[in-house]
Each structure stands twice: as structure tokens, then as C-alpha cells.
Amino acid sequence: MHDDLTAVAWESVDDDGVTDAEVAMNSSHRPADDFPIGGPAAALAARVRAGTITPVDVVTDALTRISSENHKINAFTVVRAERARAEALELTARPDLDELPLAGVPVAVKQNIAVAGEPTTAGSAATAAEAEPADHPVVARLRAAGAIVVGLTAMPELGLWATTDADGHVTRNPRDVGRTAGGSSGGAAAAVAAGLVPIAHGNDGLGSIRVPAAACGVFGIKPGRDVVPAGIGADSWSGMAENGILATTVSDAALALSVLADRCDLADLRPPQRLRIGLAVAPPSRLVRVDRHWTAAARTAGARAAAAGHLVEPVELPYGDAALAMLLRWPTVGAADAERLADPDRLQPRTRKHLALGRLIRRLRLVRPSQADRAEARLLDFFENFDVVITPTLAAPPPKARQWSRRGWAANVVSSVRYAPFTGVWNLVGWPAASLPMGIHPEAHTPLAAQLAGPPGTEATLLGLAAQLERTN
């Protein structure tokens, strides 16, 4: 299918050893419709429950997709082909198959939570290689609901970076393989965007679900604190990280989140009553510039919300010193994970420098609970008058796909901060937030997205609003 592209004569090589011809070849993905089985997770599960297809059929097709496409984007680091087929066969014999919400649905799991029989590498060569004896509670809930884990997805080392690469493999954006899939749930977003799986697990410590979801043009949601079991690494990034979902549709994300949260009500998408929505396009810091097309994406979401009958008002979010609080926490959140590493000498240079800075910040006691408390108090005051806020998800298109792990610490920090400043505040306070695709950048030709956020307990509201806006896309 790539004969016309393989005949390209030029072989211009970028600084990662990837030729322009290879990038051109990789941009020609097979659409999901070329495969015999596909579509949203809810539809697949319904067909399995009805007996028109079997879990083995669905999993075999997903593995075929992964075999055909994964080498182009490096979304998966582990493909559980034999085990997934065996688990699909076992699922076929379950007496409650016709009742399972995710019956036979192939899912991907980010490689920083435990999947029984697989090592939890967290994107780092410094971690132990021993297989996990048992599933993380999130994985156990997915399996109990009938999902089949077909593989583990790529992430940057310890989840600390907003681009994804490791061991010489760059995770590329299926919408434009010349750009990163984002991070830290970059492999999860790439797997969903490429149609390899309809839903993927991710987790989010400073935007690690929403950033790659926006970069790859899929829906992603981070629930609020204590909605889904966390248990990510040593201390879930000092309590800032949550497990969540990336999916091709809002309804699939709602279904999967209902499983992770063990709350059936989250799958029941209902149009919310008239909401008071703040439209906030200014970034958390005046040092960050926002691409006008990303500003326009948020405004488009606001216009659609207004057309759906909601009251939308331009506002300025009271960020205060939240940007500084996030920057100070970022180098410190991996400290507890680093202390548990099997071979810390194998950490990447950028990560070692980042963690060393974090240790200095802690010694100087620059991170204080009062910073998060002040941010939350300001937001609580703001949400006395609003139910939801809409912002851009990103400030610029995703950076170039390259081996960022081999670049310097400063280059990585600047790159991450420059394009992803909007997401971290919701981790700082532990509130729910989601990223919804909102068209295509007319110059970069990459996805645009809007972020929806609200106070604790508004997951159902955010999902309902996102579904309304999705239908008008």
C-alpha cells in the first residue's frame, strides 16, 4: 500500500535518525474501517453480549491492528498477544458474559500500574524487571467488567515529561507522525487515536491524560480525587495523580470511567441542566503565550455550549500563584518513586537533574500545603458563580517527535511548559477535568481541544456537557 511512498528518492535524516521518507510512510495509516471489527467500545461490548461476535474475534482483530500499525507510532511497549487470546477464550466461558459492560473490549494499560504477569517499568530502565504478582485495582475492575488487556503503553521516564520516548523508540502522533503524542500517557493516546484500541487507561499528575488526548485528538478525562483508586507508584505524585481514561468518544470514556470508579451512574450520559460556564482563555502565567488557534478552540467550545442553552461568560480564572506552585512541585513529585528504583544509576540525565532540583526544593521547604490551599480557596470562590470552566487544553501544537530523553533538562522543561500550561492547576487542587477535541489547527494541521473543568463531584456534569459539545462537532 506504500509503493508510491517507498519510491521517494530523498533520504533527509533528522537528528533522531528518522528519514523524511519514513515519516511520510508512517503518515499513511490504515483507517479502522479497513479491519473487519472495530468501532466504539460500547458497540463492541453489545455485539459480544448479543453473541454476534466473540471476545476472541475482537481481541484477534485488535492484535492484528497492533501488529500492522504499532511499529509506526510506538504506542505499545508490551503486546500481550498470547495471554490476551487466552484471556479472551476464558472470558467466552464466563456465565455472566451477557451482563458485562465491557464484554470482550480490548484495552491498553499505561505501564506504571500493575498488570499481573508483567513488569511495571514506568518508562524507565532503572526499574525492576520482575513481573507483578497481582493486578492494580483499576486493572482488576477492567477485567471484572469483561475488558481484555492487550498491551502496555509507552510513557516518559517516571511520567515526568510531556513528550514520550524511551530506549530509542519515539512515540509518534497518529495525526501527524512528525510530532509527539504528548505525555505522559502518550502511548495511550496514540493507541486510541490510531484505532488500535477504543479505550485506554492513563493517569494524570499535571495533565498527563489531557495533554496527550489534546495532542492526538481524542477525549480524555481525569477524575477528581478519590473517585477512582489511585495507587500510582509510591505516593501518586504526592496525591496529585489520578487514574483515568482516554477514548474515541465521550460515551466510551463515560462507560470506562464508570467501571474504574465502580459507579454505574457515570455511564448514564444526560444533558446537564442549564449551566453557568466561565470561558477563560488566559494562561496561568503571563510568561506563556497562547497560540490564537488554541484560544479559538476554547471559544468554539463556549459558543457550542451557549447554542446548547448554557449561560457562557468570558472570565479570568483566579490562578494567583498556582503556576509557581506547580513548577515547584514538578521536580519533587518523582522523589518517592526514585527512592524505590532498582538501579537509579540508569536514570536518564534529564531525570536525574530534575530529581536533584526537587531534593533542593524540598530542603529549602519551598513546597508548602498552603500553596494548594490558597489555589483551592480562590477557585471555590470563583465557582460560587459558575458550574464549569472552559479553557484551551494546550497553548500550542505538540512539539516535534524526537528523542527528548537525550536532550538537556532545560530544553525538556521549556518545551513542556510552553505548550502545556493549562492543565496542572486541576491536579494541584484535585478536581476533575477533561479534554475534548475541537477541530483542527489550520496551520499546523494537528488537533485542537478545549478543557472542561469543575469542582469536586462534577464528573457526570463534565461528561454530559462534553457529550453535548461532541454531538455538535
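What's the total number of residues in region 281-305 that are among the β-branched types (V, I, T), open to solvent by 50 Å² or more (accessible area, probe 1.4 Å) and modelled with pLDDT under 95? Outline the logic, then answer.
As a first pass, look at region 281-305 and keep what is among the β-branched types (V, I, T): 281, 288, 290, 295, 300.
If we keep only those that are open to solvent by 50 Å² or more (accessible area, probe 1.4 Å) as well, we get 300.
In the following step, the residues that additionally are modelled with pLDDT under 95 were identified as none.
Of the residues in region 281-305, 0 are among the β-branched types (V, I, T), open to solvent by 50 Å² or more (accessible area, probe 1.4 Å) and modelled with pLDDT under 95.
For region 107-144, which residues satisfy the criterion of being on the phi > 0 side of the Ramachandran plot and open to solvent by 20 Å² or more (accessible area, probe 1.4 Å)? First the steps, then the outcome.
Taking region 107-144 and keeping what is on the phi > 0 side of the Ramachandran plot, we get 117, 122-123.
Hit for region 107-144 is G117, nothing else.
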Notebook entry, point to check: Does region 139-153 contain at least one residue that is part of a loop (DSSP other than H, G, I, E, B) and closer than 22 Å to D343 by Cα?
Noted result: no
Notebook entry, point to check: In the set W431, W426, which member is under 14 Å from A453 (Cα atoms) and in a loop (DSSP other than H, G, I, E, B)?
Noted result: W431
Item checked: Qualifying helices (runs of 4 or more DSSP H) (wholly inside region 13-77; at least 3 residues being open to solvent by less than 70 Å² (accessible area, probe 1.4 Å) and at pLDDT 95 or above) -> 41-50, 55-73
Next item on the list: Being touching a Gly at 6+ places or on another chain (Cβ under 7 Å), in a helix (DSSP H, G or I) and open to solvent by less than 20 Å² (accessible area, probe 1.4 Å) is the filter here, so list the residues in region 448-471 that pass it.
Entry: E459, L462
Item checked: All positions within region 294-348 that are of a type in the set (S, T, N, Q) and in a loop (DSSP other than H, G, I, E, B) -> T332, Q348
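Every residue, every condition in (1) in contact (Cβ under 8 Å) with a residue 12 or more places away in the chain; (2) open to solvent by 20 Å² or more (accessible area, probe 1.4 Å), yes or no:
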{"site": "R346", "(1), (2)": "yes, yes"}
{"site": "R359", "(1), (2)": "yes, yes"}
{"site": "A375", "(1), (2)": "yes, no"}
{"site": "F382", "(1), (2)": "yes, yes"}
{"site": "V388", "(1), (2)": "yes, no"}
{"site": "A395", "(1), (2)": "yes, no"}
{"site": "R407", "(1), (2)": "yes, yes"}
{"site": "A410", "(1), (2)": "no, yes"}
Checklist line | From R304, R299, R286, residue being of a type in the set (D, E, K, R), touching a helix residue (DSSP H, G or I) at 6+ places or on another chain (Cβ under 7 Å) and closer than 24 Å to F382 by Cβ | finding: R304
Check: Residues in region 129-138 that are in contact with a strand residue (DSSP E or B) (Cβ under 6 Å, 6 or more places away or on another chain), in a loop (DSSP other than H, G, I, E, B) and either of a type in the set (D, E) or under 18 Å from S415 (Cβ atoms) (or both): how many?
Finding: 1
Next item on the list: May I ask you to verify whether V417 is in a helix (DSSP H, G or I) and either closer than 30 Å to G302 by Cα or open to solvent by less than 30 Å² (accessible area, probe 1.4 Å) (or both)?
Entry: yes
Check: Would a scan of region 358-381 turn up a residue that is in contact with a His (Cβ under 9 Å, 6 or more places away or on another chain), modelled with pLDDT of 95 or more and in a loop (DSSP other than H, G, I, E, B)?
Finding: no
Note to self: With within 19 Å of A298 (Cβ to Cβ) and among the acidic types (D, E) as the only criterion, which of E459, E470 stands out?
What the structure shows: E470
Checklist line | Of residues in region 154-202 being of a type in the set (V, I, T) and under 11 Å from the mean Cα position of the chain (by Cα), the one farthest from T64 (Cα to Cα) | finding: I199
Check: Of the residues D345, D373, which is within 22 Å of A234 (Cα to Cα) and of a type in the set (D, E)?
Finding: D345
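Residue-wise test of (1) assigned to a strand (DSSP E or B); (2) surrounded by fewer than 24 Cβ atoms within 10 Å (Cβ to Cβ); (3) within 17 Å of the chain's Cα centre (by Cα).
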residue: A215; (1), (2), (3): no, no, yes
residue: D226; (1), (2), (3): no, yes, no
residue: A230; (1), (2), (3): no, yes, yes
residue: A234; (1), (2), (3): no, yes, no
residue: A256; (1), (2), (3): no, no, yes
residue: D265; (1), (2), (3): no, yes, no
residue: L269; (1), (2), (3): no, yes, no
residue: P272; (1), (2), (3): no, yes, no
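The values are calculated or read from the model by the stated rules, or taken from the named source; none is laboratory data. Here the structure is a predicted model, which means the values were calculated and not measured. As a convention, Cβ positions derive from the backbone with ideal geometry for all residues, glycine included, and neighbour counts pool all protein chains shown. Protein only, heavy atoms only, side chains kept; ligands, DNA and RNA dropped before computing areas. Shrake-Rupley method; radii C 1.70, N 1.55, O 1.52, S 1.80 Å.
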